[in-house]
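The values are calculated or read from the model by the stated rules, or taken from the named source; none is laboratory data. Predicted model only: the values in this text are computed from it and were never measured. As a convention, Cβ positions derive from the backbone with ideal geometry for all residues, glycine included, and neighbour counts pool all protein chains shown. Please note that ligands, DNA and RNA were not included when accessible areas were found on the heavy atoms of the full protein model with its side chains. Shrake-Rupley method; radii C 1.70, N 1.55, O 1.52, S 1.80 Å.
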Amino acid sequence: MKKLIQPLVIREKKYLMAKNYAAKLKSQVNNDLFKAKTLNQKLTVDTTGLFSPNGAIPNIGRDYALIYAATKAELNKITDPIKGFRGQFLLKVTERSSFDSTTYSIQRNSIRDQLFQEKRSMYVNQWLEKLKKDANIKDNRYVFFGR
């Protein structure tokens, strides 16, 4: 049992150490994350570019904790440390685009039609599978073609 729990405890301790270090670093960089690289060369400081809440973050992947934090973060302020899959993150959101209702209204019908088509296909496939499963078929080909 100890062999199973020990790696989990070590990982949590590393996360805690990283969180404490990130909190200390936040106070040292004065709202400029690129200063962090000068304080410690081992740190990775990068920009992600634009990403959507339902997509993956460039250079990081699909990290739901980080995506959630990015949607809730104040603009141009460094967040508190965020526990992600790959460690602790400090995040500074510099731009957030608002919901574009004109683009949505243009694409609304095509999105609706696509969703209906997907549902229709799913239900037809389920119906056919049920028909095949419930069918009572007896093979009488030998009567017509002989043996």
Nearby lysines by direct alpha-carbon distance to residue 35 (threshold 16 angstrom, same-chain neighbours under 8 apart not counted): 24, 26, 77, 92
DSSP-loop chymotrypsin sites (Phe, Trp or Tyr not before Pro) across region 52-133, with at most 15 other Cβ within 10 angstrom: 85, 99
With a 1.4 Å probe and all protein chains kept in place, how much accessible area does residue 46 have, in Å² rounded to the nearest 10? 100
Order by accessible surface, 1.4 Å probe, largest leading, for residues 29, 45 comes to 45, 29
What accessible area per residue, rounded to a whole number of Å², is obtained for region 1-135 using a probe radius of 1.4 Å? 82
May I ask you to evaluate 6.51 cos²θ - 1.76 cosθ + 1.60, the Karplus curve with θ = phi - 60°, for each residue of region 101-114 and list the ³J(HN,Hα) values in order in whole Hz, giving x for glycine and proline? 5, 6, 5, 4, 5, 6, 8, 4, 5, 5, 5, 4, 4, 5
Assigned charges on the beta-carbon of Lys, Arg, Asp, Glu; the chain dipole about Cα centre (debye): 760
³J(HN,Hα) computed for each position of region 12-29 - Karplus, 6.51 cos²θ - 1.76 cosθ + 1.60, integer Hz, glycine/proline x: 5, 5, 5, 4, 5, 4, 5, 5, 4, 5, 5, 5, 5, 5, 4, 6, 8, 8
Rg/Rh over Cα atoms for region 67-138, Kirkwood Rh, comes to 1.35
Computing the accessible area with a 1.4 Å probe over protein heavy atoms, can you report the carbon and sulfur percentage for region 1-121? 57
Please report, for the Cα atoms of the chain, the Rg to one decimal and the Dmax as a whole number; what are they, in angstrom? 27.0, 89
